[in-house]
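Heads up, the thing below is written out as structure tokens.
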Amino acid sequence: MYTPAIVAEAMVNGLLTGAVYALVALGLTLVYGVLHIINFAHGALLTCAMFAVWAASELLGINVYLAIPPLALIFLALGYALQRFVIGPASRGDDANTLLVTLGLSIAIENALLAAFKSDTRTLSGDAAFDVVELGPMLLSRPRLIGFAVALVVALLLWALLRRTDSGKAIRAVAREKMGASLMGIDVRHIYALTFGIGCACLAVAAGLLLPTFYVTPRVGQAFVLVAFTIVVLGGMGSVAGALLGGLLIGVVESLGGLLLGESLGQAGIFVIFILVLLLRPTGLFGARA
Amino acid sequence: MLEITGLRTGYGQTEIIRGLDLAIAPGQIVAVLGANGVGKTTLNKALSGLLPIWSGTIQFEGSSLAGATPADIVAAGLIHVPEGRKIFPNMSVLENLELGSYRRARLHRRTNLDRAFTIFPRLRDRASQMAGTLSGGEQQMLAIGRGLMAEPRLLILDEPSLGLSPLLVEEMFTLIRTLNQEGLTIMLVEQNVVQSLDIADHATILENGQCSIQGPAAELAANPALRRAYLGL
């Protein structure tokens, strides 16, 4: 069997990865909670963000971590525009249309990336991915530690935004009472677009945190989004706290699964959890409604 | 202050308001009365920009509301406290009130919060409680308090007495009168004909999407046709 030290290290590594998963899930759950749509373009947008990070680092020579803030702003604007001028108008207020529009967007984005970059696997050059930090008996990957810290800070910022600012309060108001919000002079279309933009900004940050230890191909986002969906369902659809906790939990499950079953079967544990949650607690850990 | 002429609107193809005329002078309480389904709430939705105006005009303080968004209308000071309250159940009482000043009077938020808490001391006690856990009466107070946070020039109250106990209804009408005496112009949309006519200056009876009878409230209260139809006398 494995020594406790190895298991502990696997758990910590799982937490580190899980925080970045949580960031991907945060964007998904926020958009679901406010717009009540499942954004099928989430994975493609993550891929986009990862290519943007790759391009910033490899073509422009910007440090990955310094590239995150401007890319987050660019993706905020991009997401805002997508919802305001494409998804919103094209879906004409019908949720079924929104599903098709976001699915269509994801196909268009993926194929555009495929045409532009081919299906080659790209990684960041340099050996920063192999930097390790010694923490007691454990050897931890430095980029993952940074990813963990940044993801938690972003989650905290998001929480503060939703709790402390007027825009954040307006987002929460629109999530539950659209008409009441309109009558307070809250522009619902603006709030929808802002929420979608914040979801995309989360993806840009996640992309910057993932890329130092991961690769990018035109379909890479899908793998993360499957995990993100599991996290959202586990945490409760629309719950920000649920996404964070669910992300950490799923990270640990994947890491322990990898340790016990072998790296390639690590994700099997995630889907076992997914099925169990659907069977036993379909509203998720923090879900309010059935 | 508000002047509606020949207003027509409705949902989809269905016309609900069929050529309605109504005027409200500053400082008044104008009661808009009528049974269920005559178009009272539809009229309010058109006034607050939630429904498009098919034809006719709405002038608020001299400017047309044609094509105005709900946000424009709130910014102009026409505040609508809707039927069913439409408070934010997932947010605290304090946050609900704060959002009342999202578009208008944001700089006066502190003062207006104090004022709302003075008018509704019960809301101060429950400031950090989730609005969805309040009683019906408290939710109505919150909805009105939230509306007052925007410093309305004209306040539309849609069925403020709906679902309240007789004692609370009495309290609500007293409050509406007090707000009016402090200078607020109010359009009171109600099914509760007796008490509304009691506090209103002017009243109009809505029937089939039009105003059938209009006049000073005292005159309407004495109108034999009206007494038969609405007061059962």
| task | Collect the residues in region A:124-152 that are open to solvent by 60 Å² or more (accessible area, probe 1.4 Å) and either β-branched (Val, Ile, Thr) or not in a helix (DSSP H, G or I) (or both), keeping them in residue-number order. | result | A:Ser125, A:Gly126, A:Asp127, A:Val132, A:Glu134, A:Leu135, A:Gly136, A:Pro137, A:Leu139
| query | Has region A:254-262 got any residue that is free of Cβ contacts under 8 Å to residues at least 40 places away in the same chain, outside any helix (DSSP H, G or I) and under 26 Å from A:Ala149 (Cβ atoms)? | reply | no
| remark: Counting only strands (runs of 3 or more DSSP E) wholly inside region B:15-131, the ones holding at least 3 residues that are within 30 Å of B:Arg227 (Cα to Cα) and either under 20 Å from the mean Cα position of the chain (by Cα) or among the small types (Gly, Ala, Ser) (or both) are B:29-33
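Any residue at all in region B:13-32 that's polar (S, T, N, Q) and more than 21 Å from B:Ala200 (Cα to Cα)?
Looking for residues that are polar (S, T, N, Q) and more than 21 Å from B:Ala200 (Cα to Cα), one finds at least one in region B:13-32, hence yes.
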| said: Quick check on B:Phe120: is it away from every other protein chain (no Cβ under 14 Å) and either of a type in the set (Ser, Thr, Tyr) or open to solvent by less than 30 Å² (accessible area, probe 1.4 Å) (or both)? | reply: yes
| request: Would you be able to tell me the number of residues in region B:141-180 that are over 18 Å from B:Leu47 (Cβ atoms), over 12 Å from the mean Cα position of the chain (by Cα) and not acidic (Asp, Glu)? | output: 20
| request: Give region B:1-11 a look and list any residue that's open to solvent by less than 30 Å² (accessible area, probe 1.4 Å) and under 23 Å from B:Leu184 (Cα atoms), or say none. | output: B:Leu2, B:Ile4
| Hey, B:Thr14 hits all of (1) more than 10 Å from chain A (Cβ to nearest Cβ); (2) among the β-branched types (Val, Ile, Thr); (3) surrounded by 17 or more Cβ atoms within 10 Å (Cβ to Cβ) but one; which does it fall short on? | (3)
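When you scan region B:160-198, how many residues do you find that are part of a loop (DSSP other than H, G, I, E, B) and open to solvent by 10 Å² or more (accessible area, probe 1.4 Å)?
10
Can you tell me which residue among A:Leu183, A:Leu194, A:Leu203 is surrounded by 18 or more Cβ atoms within 10 Å (Cβ to Cβ), in contact with a helix residue (DSSP H, G or I) (Cβ under 9 Å, 6 or more places away or on another chain) and more than 14 Å from chain B (Cβ to nearest Cβ)?
Answer to the check: A:Leu203.
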| note | Scanning region B:82-112 for residues that are of a type in the set (A, V, I, L, M), facing chain A (nearest Cβ under 10 Å) and farther than 17 Å from B:Leu134 by Cα gives B:Leu99
| Can you tell me how many residues in region A:95-119 are within 19 Å of A:Leu30 (Cα to Cα) and of a type in the set (Asp, Glu)? | 1
| field | helices (runs of 4 or more DSSP H) wholly inside region A:35-106 containing at least 1 residues that are open to solvent by 30 Å² or more (accessible area, probe 1.4 Å), at pLDDT 90 or above and within 29 Å of A:Phe214 (Cα to Cα) | value | A:42-58, A:64-81
| task | Check off (1) within 24 Å of B:Leu175 (Cα to Cα); (2) open to solvent by 20 Å² or more (accessible area, probe 1.4 Å); (3) within 14 Å of chain A (Cβ to nearest Cβ) for B:Arg115 and give me the number that stays unchecked. | result | (3)
| said: I'm checking my understanding of the structure. Among residues of region B:34-76 that are away from chain A (no Cβ under 13 Å) and of a type in the set (Ser, Thr, Tyr), which one is surrounded by the fewest Cβ atoms within 10 Å (Cβ to Cβ)? | reply: B:Ser55
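Do we find that A:Ser119 is of a type in the set (Gly, Ala, Ser), more than 26 Å from A:Arg172 (Cα to Cα) and open to solvent by less than 60 Å² (accessible area, probe 1.4 Å) in this structure?
no
For region A:267-283, which residues satisfy the criterion of being surrounded by fewer than 18 Cβ atoms within 10 Å (Cβ to Cβ) and among the β-branched types (Val, Ile, Thr)?
Passing the criteria: A:Val272, A:Ile275, A:Thr283.
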| Filter result (small (Gly, Ala, Ser) and surrounded by fewer than 22 Cβ atoms within 10 Å (Cβ to Cβ)) within region B:123-146 | B:Ala127, B:Ser128, B:Gly132, B:Ser135, B:Gly136, B:Gly137
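The values are calculated or read from the model by the stated rules, or taken from the named source; none is laboratory data. Keep in mind that this is a model prediction, so the values were computed, not measured. Here Cβ is always computed from backbone atoms with ideal geometry, including for glycine, and neighbour counts include all displayed protein chains. We work out accessible area using only protein heavy atoms, side chains counted, and drop any ligands, DNA or RNA first. Shrake-Rupley method; radii C 1.70, N 1.55, O 1.52, S 1.80 Å.
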